[in-house]
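To start, the structure itself, in structure tokens.
The values are calculated or read from the model by the stated rules, or taken from the named source; none is laboratory data. Since the model is a prediction, treat every value here as computed from it, not as a measurement. Ideal geometry is used to build each Cβ from the backbone, glycine not excepted, and the neighbour counts take in all protein chains shown.
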Number of protein chains: 2
Amino acid sequence: MPYAMRPGTISLAGGYPAQELFDVDGLTIASTQVLARLGACLQYSNIDGQASLRNELARLSAARGLHCNPDTELAVTGGSQQAMALLSRVMLQPGDHAIIESPAFPNSVQALRYTGATVHTVPSGPDGVDIDALDELAARIKPKIVCVVASFSNPCGATISRQRRLRLLELAVKHRFLIVEDDPYSELRFAGEAVPPIMALAEGEARNWAVYLASMSKTMAPALRIGWLVAPPEIRRRCVGAKAADDMASSAWIQEVVAQYLANGRYEEHVPRIRAAYGLRCDAMAEGLTRELDGRITFSKPEGGMFFWARLTGEVDATRLLPYAIEHEVVYVPGKAFYADAAKADLHAMRMSFATMNESQIAQGMQRLSRALDACEANQPVSISLAA
Amino acid sequence: MPYAMRPGTISLAGGYPAQELFDVDGLTIASTQVLARLGACLQYSNIDGQASLRNELARLSAARGLHCNPDTELAVTGGSQQAMALLSRVMLQPGDHAIIESPAFPNSVQALRYTGATVHTVPSGPDGVDIDALDELAARIKPKIVCVVASFSNPCGATISRQRRLRLLELAVKHRFLIVEDDPYSELRFAGEAVPPIMALAEGEARNWAVYLASMSKTMAPALRIGWLVAPPEIRRRCVGAKAADDMASSAWIQEVVAQYLANGRYEEHVPRIRAAYGLRCDAMAEGLTRELDGRITFSKPEGGMFFWARLTGEVDATRLLPYAIEHEVVYVPGKAFYADAAKADLHAMRMSFATMNESQIAQGMQRLSRALDACEANQPVSISLAA
């Protein structure tokens, strides 16, 4: 969206983390330590990842409540996106069925679709995926996998409660589907109580039906392209085989930098800093929406992550408002971009990120949005065309 | 293969470049330059790659004779393996047909197979793929893509001549298939005359039927995970879409390091060094084979790359010899590992890499191989079991 790049425009559109919050010092230190032994880090990595990093990521997963064997259950991937793509590839083929919540991150839907499988959706809301609708649909179509973001979902910002996570595991066992939790955001919690990953709650047979995907992109930096998966050994083995055919392995160099960063203890120091900063930005967005747009936009305030999912209450829909918003130098993403099934899209919904703008920019953005909505409702002429 | 890791064993088995030849200094300088502006390099990259790197890679491609537009024809990938995987994904689906030379690199075959398409093979030898056999097969099965390594192929070490490259382009236009050249090795030429990439020889309509894949893994370092593709704009566009669903983008950080390294002029200084070193190692292997195993093993000496494809002339096949070789502390890969169609495998063939061992190790390796062959032919007892 080239308009979002105009200087002065307040972009609430991207799914990027805040650049000024990257721990450049910590990564420089880790990188310099690795540079001193660079020769050995320039060769091909093990396909499943460097042992040093797998051990650190197993430790980090355990801190979230998910204990796993770094050699048989955990593998390093190119962000959680690659984990999703690999898992889709080894689980699905044409004729198979998969379920993803709706709305959902479009690249996740795309990873499922590239397999040739049929992708179905179940509605999701402020409490996450509709469990009863999932039960009914799963009984009917016998899906191989069901994908959710259980903590601070993109775009909804929703979190699935512990009790509902346990119900998801029951459904997975009952219908024999793999429940896949993509979890890039759970450490960005600035309110409420932490809930363990779904796989961490699995007991007995349920552990065979759960997979956990995670990423360093939102907490450390996207450019590392480091994520990981935790899966039953046989599924993990097949994902590693698919990774060899996909990109051979992730960068040993970057893996060692991340392992060093984690071993240095910088991660535990860094995450609380961004958590606090995002909490303030989230507050600023909630306050700005209430102050400037009360009654005209409804929203649920998330307890973490990067996104507000808001809804225009009047006649104007989010696509019609967008050129006015751009003209007023504020940008968001119309909600319909996140529906795998366009016919079911909520045309009044919009996704607004509070991650990359500071509190005063967010406050100003809400003012601009209010004026844009005035202009749109008044049917004023608008200079921006999105037809291109 | 855990045996290959025993201290003292001379491994001719891997497809790894020589670690002691990595330009650690040059990469450290480039990395340090990038660390100084790390903040901006930690964010998500453009899916098609950083502009700085695309420009450098277009310049490098042009130096090989292939001129292209860095914005519409070139995209950065996670090694040439990811380029092959993406291209396979956008070109093939179940019911489609693809052709690859035989023998070939197994991960390339696997990338084709993951699409659900049917993979056919055409015999390849010291001159590369059998063009007449390809013509006949393509007429019969109407393949969507045909994959070759035209310079110093893995495992054969074969190079396709300019004249035969032109014939491949004629066949591509005639049968309307995409000719895909995977080219990780062409800059490792230490003898003979350079031949331009197939796509560089395409004129008129033929340019629409050619794709070029390349990699920094063999010339700079595998851990960069940087490769690139050059393709007609519409195919490149679809590959970039598939990359978003595959891993979002390659690391902006590493891309900037590689761009900086290229801009620093280190690449042009470095490549002649490894080229010369590999040339000496190739000579050592040819001399060792002739001195120690004359008449018992035949081979074609390659003009570049990393591999000898050799053939046992006696009764013993390469799989039967392997435990004896391991017992004598030398390891190679039996040729059958490289046949997509196991029924067509040459069981007497073996792949030997001369890249990672120095000349004296290679000479010693050939002595050990000779003694292993003596022991095997004499049916002596062997302590190594490969049954695991």
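In this structure, does residue B:57 turn out to be part of a helix (DSSP H, G or I), assigned by the TED database to the domain that holds residue B:258 and not hydroxyl-bearing (Ser, Thr, Tyr)? Taking the combined requirement at face value, the residue satisfies it. Scanning the stretch A:61-101 for residues that are of a type in the set (Gly, Ala, Ser) and surrounded by 24 or more Cβ atoms within 10 Å (Cβ to Cβ) yields a count of 8. Exactly one condition in (1) touching a strand residue (DSSP E or B) at 6+ places or on another chain (Cβ under 8 Å); (2) under 25 Å from residue A:91 (Cα atoms); (3) assigned to a loop (DSSP other than H, G, I, E, B) is false for residue B:104; which is it? Result: residue B:104 fails condition (2) only. Quick check on the stretch A:19-48: of everything there that is of a type in the set (Gly, Ala, Ser) and farther than 22 Å from residue A:78 by Cβ, which residue is nearest to the other protein chains (Cβ to nearest Cβ)? The residue in question is A:39. Looking only at the stretch A:85-94, residues that are more than 7 Å from chain B (Cβ to nearest Cβ) and assigned to a loop (DSSP other than H, G, I, E, B) come to 1 in all. Only one of the numbered conditions (1) within 14 Å of another protein chain (Cβ to nearest Cβ); (2) among the acidic types (Asp, Glu); (3) touching a residue at least 60 places away in the same chain (Cβ under 8 Å) is not met by residue B:73, and that is (1).
With in contact with an Asp or Glu (Cβ under 6 Å, 6 or more places away or on another chain) and in contact (Cβ under 8 Å) with a residue 12 or more places away in the chain as the only criterion, which of A:171, A:188, A:178, A:201 stands out? The unique qualifying residue is A:171.
Hey, among the residues in the stretch B:240-282 that are of a type in the set (Ser, Thr, Tyr) and in a helix (DSSP H, G or I), which one's farthest from residue B:353 (Cα to Cα)? Among those residues, the one meeting the criterion is B:261. Against the condition within 14 Å of chain A (Cβ to nearest Cβ) and in contact with a Ser or Thr (Cβ under 7 Å, 6 or more places away or on another chain), how does residue B:186 come out, does it pass? No, not satisfied.
Summed over the stretch A:220-244, the residues that are facing another protein chain (nearest Cβ under 7 Å), surrounded by fewer than 24 Cβ atoms within 10 Å (Cβ to Cβ) and without any contact (Cβ under 8 Å) to a residue 40 or more places away in the chain give a count of 0.
Residues considered: B:206, B:202. Of these, the only one that is assigned by the TED database to the domain that holds residue B:165, in contact with a strand residue (DSSP E or B) (Cβ under 6 Å, 6 or more places away or on another chain) and modelled with pLDDT of 95 or more is B:202.
For (1) more than 14 Å from chain A (Cβ to nearest Cβ); (2) over 30 Å from residue A:96 (Cα atoms); (3) not hydroxyl-bearing (Ser, Thr, Tyr), each residue gets a yes or a no:
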position	(1), (2), (3)
B:77	no, no, no
B:83	no, no, yes
B:133	yes, yes, yes
B:143	yes, no, yes
B:166	yes, yes, yes
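Restricting attention to the stretch A:269-298, the residues being of a type outside the set (Val, Ile, Thr), in contact with a helix residue (DSSP H, G or I) (Cβ under 7 Å, 6 or more places away or on another chain) and surrounded by 16 or more Cβ atoms within 10 Å (Cβ to Cβ) number 10.
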